[in-house]
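The values are calculated or read from the model by the stated rules, or taken from the named source; none is laboratory data. Quantities reported herein were computed from a predicted structural model and do not represent experimental measurements. Don't worry about glycine lacking a Cβ; one is built from the backbone with ideal geometry, like all the others, and counts go over all protein chains shown.
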Amino acid sequence: MDGRKRLHVAAVVLVAVAAVAAGAILLRVAWLAIYGRPSAPTAAGEPLFRLPGGKTLVAVVEESDGGRTAVTRLAEGRLAELAAARGLGAEVVPPERLTAYRAGAPDYGRLSVIEIGRGVGADLVVYAVVQLTPAAGGGTVLTARVRVVSQGGRLWPEDLLGHRVSVTTPRRPGQLKSPDAAAGPAADLAEAVADCFGPARASAK
């Protein structure tokens with residue numbers, strides 16, 4: 001094989017390697033867009049993110065399409081209960097206060113997470129956006145994208161879409177419109193969100 005042919009073969013090989021690498025990068029970007037950045041491993045019992053102490057916290061759970069369903073209402077209430085029970089905030093905004101603010105605030109759907117927190121007097125917002133999708137073989141996957149936002153901006157995670165947690169129920173999406181059917185899955189989802197922040201603080205016991 002003469003020099004030109006060798007150069008041609010080498011160039012073809014380099015182009016092929018570059019194409020494979022570019023394809024891998026694109027696949028990685030697509031994976032992160034859909035599933036979010038994987039969390040770093042933590043020691044047993046350690047939180048994925050430790051919330052700042054001494055802060056007033058509000059738990060906000062919204063539907064991905066902006067609506068309100070039995071799942072989001074119940075998950076929001078249960079998450080507030082868990083936050084209070086585990087001492088995740090010096091004070092936890094009662095769900096009733098958030099509900100009243102949501103009903104009375106003009107253009108609530110256009111408010112930023114920071115503005116929602118300010119509106120109910122919270123320093124920290126644990127903000128979860130929920131989506132329901134059919135599970136393979138029947139049932140429903142409830143997925144929440146979780147973020148923590150202070151009055152100064154986003155605290156966690158780095159992924160702009162939020163940290164992904166999910167639970168599965170054998171009930172179909174249409175069945176979860178009923179509060180009775182939604183109660184169990186909503187509680188499980190709230191527990192999965194609260195688990196991101198670990199057990200109660202020693203000072204809150």
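Identify all residues within the range 51-74 that are of a type in the set (Ser, Thr, Tyr) and surrounded by fewer than 22 Cβ atoms within 10 Å (Cβ to Cβ); write none if there are none.
Thr56, Ser64, Thr69
Does Gly138 count as surrounded by fewer than 12 Cβ atoms within 10 Å (Cβ to Cβ), out of contact with any His (no Cβ under 6 Å at 6 or more places or on another chain) and without any contact (Cβ under 8 Å) to a residue 40 or more places away in the chain?
The answer is yes for Gly138.
Scan Arg154, Arg78, Arg145 and give me the residue that is of a type in the set (Lys, Arg), touching a Leu at 6+ places or on another chain (Cβ under 8 Å), closer than 22 Å to Ala192 by Cα and at pLDDT 95 or above. Write out each step before concluding.
On the way: Arg154 fails: touching a Leu at 6+ places or on another chain (Cβ under 8 Å); Arg78 fails: touching a Leu at 6+ places or on another chain (Cβ under 8 Å).
Of the residues listed, the single one that is of a type in the set (Lys, Arg), touching a Leu at 6+ places or on another chain (Cβ under 8 Å), closer than 22 Å to Ala192 by Cα and at pLDDT 95 or above is Arg145.
Output the qualifying pairs, or none if there are none: Cβ atoms under 7 angstrom, residues six or more apart or on different chains, first residue in the range 41-70 and farther than 15 Å from Gly87 by Cα and among the hydroxyl-bearing types (Ser, Thr, Tyr), second residue in a loop (DSSP other than H, G, I, E, B) and modelled with pLDDT of 95 or more.
Matching pairs, first to second residue: Thr42/Leu48.
Inside the range 172-194, can you point out the residues that are of a type outside the set (Asp, Glu) and either surrounded by fewer than 17 Cβ atoms within 10 Å (Cβ to Cβ) or modelled with pLDDT under 95 (or both)?
Arg172, Pro173, Gly174, Gln175, Lys177, Ser178, Pro179, Ala183, Gly184 - these are the residues of the range 172-194 that are of a type outside the set (Asp, Glu) and either surrounded by fewer than 17 Cβ atoms within 10 Å (Cβ to Cβ) or modelled with pLDDT under 95 (or both).
In this structure, does Ala22 turn out to be modelled with pLDDT under 95 and part of a helix (DSSP H, G or I)?
yes
Kindly evaluate Ala100 against the criterion of being modelled with pLDDT of 95 or more, over 17 Å from the mean Cα position of the chain (by Cα) and crowded, with 19+ Cβ neighbours inside 10 Å.
The answer is no for Ala100.
Look at the range 158-200 and say how many of its residues are of a type in the set (S, T, N, Q) and in contact with a strand residue (DSSP E or B) (Cβ under 6 Å, 6 or more places away or on another chain).
3
List the number of the failed condition for Gly36; all other conditions in (1) at pLDDT 60 or above; (2) under 30 Å from Ala182 (Cα atoms) hold.
Just one mismatch for Gly36, condition (1).
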